[in-house]
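So the structure is just underneath, and the comments pick up after that.
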Amino acid sequence: MTALQQVSNLADVPMEVEIELDRRILALRDILELDIGSVIRLNRSAGDNISVLVGGSTVGYGEIVIIEDSVGVRITDFHGEE
């Protein structure tokens with residue numbers, strides 16, 4: 001029996017999925033200067049591996065991808081898959 005079959009009665013319950021690209025520490029001066037359209041440079045780039053979290057727990061991994069003008073995550077592994 002697959003994992004989806006095991007939880008099929010819960011399959012339509014919405015879950016919050018978190019993807020954290022990076023964290024930055026900014027001085028208050030820099031935060032106050034932010035405006036619509038401001039860019040915060042990150043240390044991560046396309047191809048980097050990142051964690052996929054549901055309910056604060058890591059459930060898998062992915063890699064950062066760029067699709068046209070959007071940033072996305074390609075899932076590369078899920079915990080518990082056989």
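Evaluate the charge dipole of the chain about its Cα centre and quote only its size in Debye, nearest 20, assuming +1 on the Cβ of each Lys and Arg and -1 on the Cβ of each Asp and Glu.
Here the size comes out at about 260 debye.
Using a simple spin-label model with points 7 Å from Cα along the Cα→Cβ vector, what separation in nm is obtained for Leu4 and Arg41?
Going from the Leu4 label point to the Arg41 one covers 4.3 nm.
Choose one of Gln5, Leu21, Leu42: the residue whose Cα lies farthest towards the positive end of the charge dipole of the chain (beta-carbon charges +1 Lys, Arg; -1 Asp, Glu; about the Cα centre).
Selected residue: Leu42.
For Val52, enumerate residues with amide H under 5 Å from its amide H, sequence gap 5+ or separate chain, H modeled in the peptide plane.
Under 5 Å from the amide H of Val52: Val59, Gly60, Tyr61, Gly62.
With θ set to phi - 60° and the Karplus curve 6.51 cos²θ - 1.76 cosθ + 1.60, what are the ³J(HN,Hα) couplings of the stretch 6-14 in order, to the nearest whole Hz, using x for Gly and Pro?
Running phi through 6.51 cos²θ - 1.76 cosθ + 1.60 with θ = phi - 60° gives 5, 10, 4, 6, 10, 4, 9, 6, x Hz.
Any chance you could run the full-extension gain for Ser51 through Ile75? It's 0.36 nm times the residue separation minus the Cα-Cα distance, nm to one decimal. Walk me through the intermediate numbers first.
Working: separation 24, 0.36 × 24 = 8.64 nm, distance 0.94 nm.
Contour length minus the Cα-Cα distance gives 7.7 nm.
Around Val73, which amide H atoms from residues at least 5 apart in sequence, or from another chain, sit under 5 Å from its own amide H, with H modelled in the peptide plane?
Under 5 Å from the amide H of Val73: Val65.
Please report, in whole Å, how far the alpha carbons of the chain spread along each principal axis, starting with the longest.
Principal extents (Cα only, largest first): 54, 25, 22 Å.
Using only DSSP helix segments of four residues or longer, with each worth -39500 (n - 2.57), what per-residue ellipticity at 222 nm results for the chain after dividing by its residue count and rounding to 500?
The helix-only estimate for the chain comes to -2000 deg cm²/dmol at 222 nm.
Read the figures in this text as sums done on the coordinates, not as results from a lab. None of the values given here were measured: they were computed from a predicted structure. Reconstructed Cβ throughout: ideal geometry from the backbone, glycine too, with neighbour counts over all protein chains shown.
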